[in-house]
């Protein structure tokens, strides 16, 4: 891996979309100061305390007390009460009371690891991914709420660098590495992350020169349904999204509209609400560089991507669909748009039309966001920041 590649990677509330949009009648007024940074550095001047007016409960993101300064780029929202966060210095936190308290359940001896992704099945079972070159890339699993951890995979190939993982269900999951021998490497599990095997790469398209993934939010590899999975890229001449319909055995590649052509630019995060409707966000993570085209949408499973007509105003590293927001065709009255949130070091943006237009609703710093089917949204980021949307 080149030094450029290493720098880049180490760098609802139960609401309908209509209800949330109707509530956004005032500007965000919570703590707002933040700073951008690359994939490894530490941002400064982050927001602290308070909440912004982005929900019908009179508050939006409500910061919780985590008791740590770790940066949490990995986030798994299980339900309204339970969430997991994974971050720097091998830190793993878990809440089972809606964020009122967080328990440090970090794996023993993991202080040197950069945990950038976590996938949780419930309050007791979770899988975390550590990133880095060679043996720094590892997977650990717990079955007892973090009381004990088992290392289920350690990368022994110095050319590999794992970025993200995703699960289709409680047994089947994938993790992805930056290209090895010119192709992305895919790791597969069939037993909930207890064991892993590298998939054959015959069905993987060749990577572009300089192309790789971003370990910025745990959302560069995402799935929807039992077999579909998408992989986000940047750094190459174009930022692409790769799609597999067979759990990672064969892939097709499509160009996105998000600018690339530089190790700091590309698609950083994906979210699919079903097999067809998807959103991509990204841009240029450098604070002194603009990101004028930081979002794209697809309505055909990722075969074609269209630029957002009014994208977020800056780089965004995480995105999630809001629960209970329906597409027009399913609404019955034609009035309920598809709503989603995108987050980054300079703020949170809302779309209520499936990703075509966005507006900023909060200016606090977050790296990733996740929402649950029972109506809870969480966000996490630098300096121990973990927030929950709306009331508890």
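Here, each number is a calculation from the coordinates, and none is a lab measurement. Just so you know, these numbers come straight off a predicted model, no measurement behind them. Note that we place each Cβ from the backbone using ideal geometry, even for glycine, and neighbour counts take in every protein chain shown.
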Task: For peptides 264-270, 189-195, sequence by mean Cβ density within 10 Å, most packed first - done: 264-270, 189-195
Task: Part-to-part distance (alpha-carbon centres) for segment 231-265 and segment 67-135, which is given in Å - done: 27 Å
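Report the gain in length on full extension from residue 374 to residue 81: 0.36 nm times residue separation, minus Cα-Cα distance, nm rounded to one decimal.
Details: separation 293, 0.36 × 293 = 105.48 nm, distance 1.00 nm.
Between residue 374 and residue 81, full extension yields 104.5 nm more.
Subtracting the Cα-Cα distance from 0.36 nm times the residue separation, let me have the gained length for residue 199 to residue 170 in nm, one decimal. Mind showing how you got there, number by number?
Values: separation 29, 0.36 × 29 = 10.44 nm, distance 1.91 nm.
Net length gain for the segment: 8.5 nm.
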Task: Cα gyration tensor shape for segment 89-216, rounded if a/c is under 1.5, else prolate or oblate - done: prolate
Open item on the list: If I model a spin label as a point 7 Å beyond the Cα along the Cα-Cβ vector, how far apart are those points for residue 359 and residue 262 in nm?
Closed with: 3.0 nm
Open item on the list: Place a point 7 Å from the Cα of residue 276 along the Cα-to-Cβ direction; which residues of segment 218-248 have their backbone N under 12 Å from it?
Closed with: none
Task: Inter-site label distance for residue 245 and residue 191 at 7 Å from Cα along Cβ, in nm - done: 3.1 nm
- [ ] Using per-residue counts of other Cβ atoms within 10 Å, averaged over each peptide, order 135-141, 378-384, 279-285 from highest down.
- [x] 279-285, 378-384, 135-141
- [ ] Pull out the extension gain between residue 252 and residue 143, defined as 0.36 nm times the separation in residues minus the alpha carbon to alpha carbon distance; nm, one decimal.
- [x] 35.7 nm
Task: Where labels lie 7 Å past Cα in the beta-carbon direction, separation of residue 151 and residue 290 in nm - done: 4.7 nm
